[in-house]
Amino acid sequence: MSTREKIILLSNHLIQQRGFQGFSYADLEAGIGIRKASIHHHFPSKTDLGIAYCDYKRADFKALEAALQKLPAGVPQLQAYLNAFADCAAQGQMCGVYAMLSDSHLFSPALQTAVYQLAQTEQQLLQDILVAGQHQAALHFALPPAELAMVVSSAIKGALLLNRIPPHGAYDRAAKAIVDWLSTAP
């Protein structure tokens, strides 16, 4: 694994644990065991790192989308999407997308654009899952798919935050409730 990849992977962990504003290059230096100058070589500014992180997460969503296409539409795809956040829940982490969104008002316009594109990538992925499930009569809802994607995404990301404190079952309960809600015929 390259140094650049190590920096992005550790950044992913730190963002999900503390938020983008909650870590520094000194944390990366200590975590990877390289000098700050090496980090600055790959990412001259934290904005550059943030943009690279957004690109990394968008690639993750594209890989998730490819994996979802191999599953039947409806509950299997929705459940697989929800399961993609199960590790965050188990580790008491936030969603990286929402962690970036929470700090985005402090970012440069370039990083704000990258965060917006990242959020839109996830919203489109979830919207596609919902539409495909509805077309197969496996998911049932009356809201427009874009609005429902926002509601579902916000619910699970909020549950990740609630999951950070005992009794730590909020994410699992929210994910089950979403699947039950959307798979129950009216």
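Take Asp60 and decide whether it is without any contact (Cβ under 8 Å) to a residue 24 or more places away in the chain, over 17 Å from Leu130 (Cα atoms), surrounded by 13 or more Cβ atoms within 10 Å (Cβ to Cβ) and within 13 Å of the chain's Cα centre (by Cα). Judged against the criteria, Asp60 is a match.
Residues in segment 114-123 that are in contact with a Phe, Trp or Tyr (Cβ under 9 Å, 6 or more places away or on another chain) and free of Cβ contacts under 8 Å to residues at least 40 places away in the same chain: 1 in all. Condition check for Gly158 on (1) of a type outside the set (Phe, Trp, Tyr); (2) within 28 Å of Gln21 (Cα to Cα); (3) in contact (Cβ under 8 Å) with a residue 24 or more places away in the chain; (4) in a helix (DSSP H, G or I): one failure, at (3). Going by the conditions given, is Ala52 more than 17 Å from Phe20 (Cβ to Cβ), at pLDDT 95 or above and in a helix (DSSP H, G or I)? No.
Can you say whether Val115 is closer than 20 Å to Ala67 by Cβ and part of a helix (DSSP H, G or I), as far as the supplied structure shows?
Working: closer than 20 Å to Ala67 by Cβ: no; part of a helix (DSSP H, G or I): yes.
Judged against the criteria, Val115 is not a match.
Checking each residue of segment 131-149 against the condition of being surrounded by 17 or more Cβ atoms within 10 Å (Cβ to Cβ), touching a residue at least 40 places away in the same chain (Cβ under 8 Å) and in a helix (DSSP H, G or I) gives at least one match.
The selection criterion, being touching a residue at least 12 places away in the same chain (Cβ under 8 Å), surrounded by fewer than 17 Cβ atoms within 10 Å (Cβ to Cβ), in a helix (DSSP H, G or I) and of a type in the set (Asp, Glu), does not hold for Asp128. If you scan segment 152-186, which residues turn out to be within 24 Å of Thr121 (Cα to Cα) and exposed (fewer than 12 other Cβ atoms within 10 Å of the Cβ)? Within segment 152-186, Ser154 is the sole residue that qualifies.
Which one is nearest to the chain's Cα centre (by Cα), of the residues in segment 69-100 that are more than 15 Å from Ile156 (Cα to Cα) and either basic (Lys, Arg) or in a helix (DSSP H, G or I) (or both)? The residue in question is Met100.
Report yes if some residue within segment 164-174 is modelled with pLDDT of 95 or more, charged (D, E, K, R) and in a helix (DSSP H, G or I); otherwise report no. Yes.
If you check Gln93, Gln77 for being of a type in the set (S, T, N, Q), more than 14 Å from Arg18 (Cα to Cα) and in contact with a helix residue (DSSP H, G or I) (Cβ under 7 Å, 6 or more places away or on another chain), only one passes: Gln77. Given the structure, is Val131 among the β-branched types (Val, Ile, Thr), at pLDDT 95 or above and within 19 Å of Arg58 (Cα to Cα)? For Val131, the condition - among the β-branched types (Val, Ile, Thr), at pLDDT 95 or above and within 19 Å of Arg58 (Cα to Cα) - is not met.
For segment 47-62, filtering for residues that are closer than 16 Å to Ser104 by Cα and in contact with a helix residue (DSSP H, G or I) (Cβ under 7 Å, 6 or more places away or on another chain) leaves 8.
The values are calculated or read from the model by the stated rules, or taken from the named source; none is laboratory data. Only a predicted model underlies this, so the values are computations on that prediction, with no experimental measurement involved. All Cβ positions, glycine included, derive from the backbone under ideal geometry; neighbour counts span all protein chains shown.
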